[in-house]
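The values are calculated or read from the model by the stated rules, or taken from the named source; none is laboratory data. A quick note: this is a predicted structure, and the numbers were derived from the prediction, not measured. Using ideal geometry, Cβ is built from the backbone for each residue, glycine included, and neighbour counts are taken over all protein chains shown. Just so you know, the surface numbers come from the protein's heavy atoms only, side chains and all, with ligands and any DNA or RNA stripped out. Shrake-Rupley method; radii C 1.70, N 1.55, O 1.52, S 1.80 Å.
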Amino acid sequence: MSKQLIEVSKFLSCVLRHHPDAIGITLDLEGWTDISALIAAAAIGGKHLDRDLIQAVVTISEKKRFAISEDGLRIRALQGHSTEDVDIEYVEQVPPEFLHHGTATRFVESILKEGLIAGSRQYVHLSQDEQTALAVGQRHGKPVALKIKTLFMYKRGYNFFQAANGVWLVAKVPMEFIEY
Ligand code: HQG
């Protein structure tokens, strides 16, 4: 992805997941916002966006972070929200026996005490495979992938959801379900 597209992707992550209020847009409960309103609001804040740039980011994003509505008028982030304005009705799914959580080695001590918590986000994020988890962990420092006994958790009553881009979501992971 070019530098310009990475910058637009970060901007979209910021306003569509965390701070829509920063540019004065509103997101509905499913996270959608009007693309022309987004472009206009960004312009007022001095940030140039246009439909082609937005479309390019949506198409190229290897993590499929965003989706454009079928009518082409709206955009949303598929997961990763911290804003309370959004409460996406994710599809509940039976998880596989194990999923993986990528983090940094410096967090492991605390995680093994408290379990995994969502922090500022709405959910703890889990990856299908160890390699993806390590890439997620890398964002925070020296990466480590924790193996989570997800089917066992499910059988104990935890609800699992999968975002449209494949990321698994769960409210928390108590330490008894973490293999390290
Ligand atoms: C850690 C990216 C100490 C947790 C990815 C993580 C993902 C604890 C950090 C998505 C803890 C939170 C989310 C505890 C959890 N003590 N640390 N008890 N419990 N943590 O960024 O999962 O590129 O909010 O391990 O692909 O890293 O943005 O969550 O390291 O799907 O599209 O607290 O963001 O996608 O960090 O990443 P984050 P995450 P994007």
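Counting alpha carbon pairs within less than 8 Å and at least 6 residues apart, what relative contact order, in whole percent, applies to region 99-179? Don't skip to the end; give the middle numbers.
Values: 155 pairs, mean separation 34.2, N = 81.
This gives 42 percent for region 99-179.
Can you give the net charge of the other residues whose Cβ lies under 11 Å from the Cβ of GLY137, counting K and R as +1 and D and E as -1?
+2
In nm, what is the difference between 0.36 nm times the number of residues separating LYS147 and GLU92 and their Cα-Cα distance? List each step's numbers first, then the result.
Working: separation 55, 0.36 × 55 = 19.80 nm, distance 2.07 nm.
Contour length minus the Cα-Cα distance gives 17.7 nm.
Please compute the per residue accessible area over the chain with all protein chains in place, 1.4 Å probe, rounded to a whole number of Å².
Each residue of the chain exposes 55 Å² on average to a 1.4 Å probe.
Could you calculate the FRET efficiency of LYS47 with ASP71 from 1/(1 + (r/R0)^6), where r is the beta carbon distance between them and R0 is 22 Å, rounded to 0.05?
Computed FRET efficiency for LYS47 and ASP71 comes out at 0.35.
How much net charge surrounds PHE107 when only the other residues with a Cβ under 13 Å from the Cβ of PHE107 are counted, with Lys and Arg +1 and Asp and Glu -1?
The answer is +2.
Expressed as an acute angle from 0 to 90° and rounded to the nearest 10, what is the orientation of the C-alpha long axis of helix 3-13 relative to the principal long axis of the chain?
70
Where does helix 51-60 land angle-wise versus the long Cα axis of the chain, in degrees 0 to 90, nearest 10?
The two axes meet at around 20 degrees.
Taking a virtual spin label 7 Å from the Cα of GLU114 along the C-beta vector, which residues in region 70-88 bring their backbone nitrogen under 18 Å of it?
Residues 82 fall inside that zone.
Once phi is turned into θ = phi - 60°, what whole-Hz ³J(HN,Hα) does the Karplus curve with 6.51, -1.76 and 1.60 give for every residue of region 17-32, x standing for Gly and Pro?
Running phi through 6.51 cos²θ - 1.76 cosθ + 1.60 with θ = phi - 60° gives 10, 10, 10, x, 4, 4, 10, x, 9, 10, 10, 7, 4, 8, x, 7 Hz.
Could you give me the ³J(HN,Hα) list for region 170-180, computed from phi with Karplus coefficients 6.51, -1.76, 1.60 and θ = phi - 60°, whole Hz, x at Gly and Pro?
Those phi angles translate into 8, 5, 6, 9, x, 5, 4, 9, 9, 9, 9 Hz.
Placing one identical point scatterer on every Cα of the chain and ignoring solvent, what is log10 I(q)/I(0) from the Debye formula at q = 0.10 Å⁻¹?
Each listed q maps to, in turn, -0.43.
Quantify, in whole percent, the carbon and sulfur part of the accessible surface of the chain (1.4 Å probe; protein heavy atoms only).
C and S fraction of accessible area: 52 percent.
Give, rounded to the nearest 20 debye, the magnitude of the charge dipole that region 3-77 has about its Cα centre when Lys and Arg contribute +1 at Cβ and Asp and Glu contribute -1 at Cβ.
I would put it at about 340 debye.
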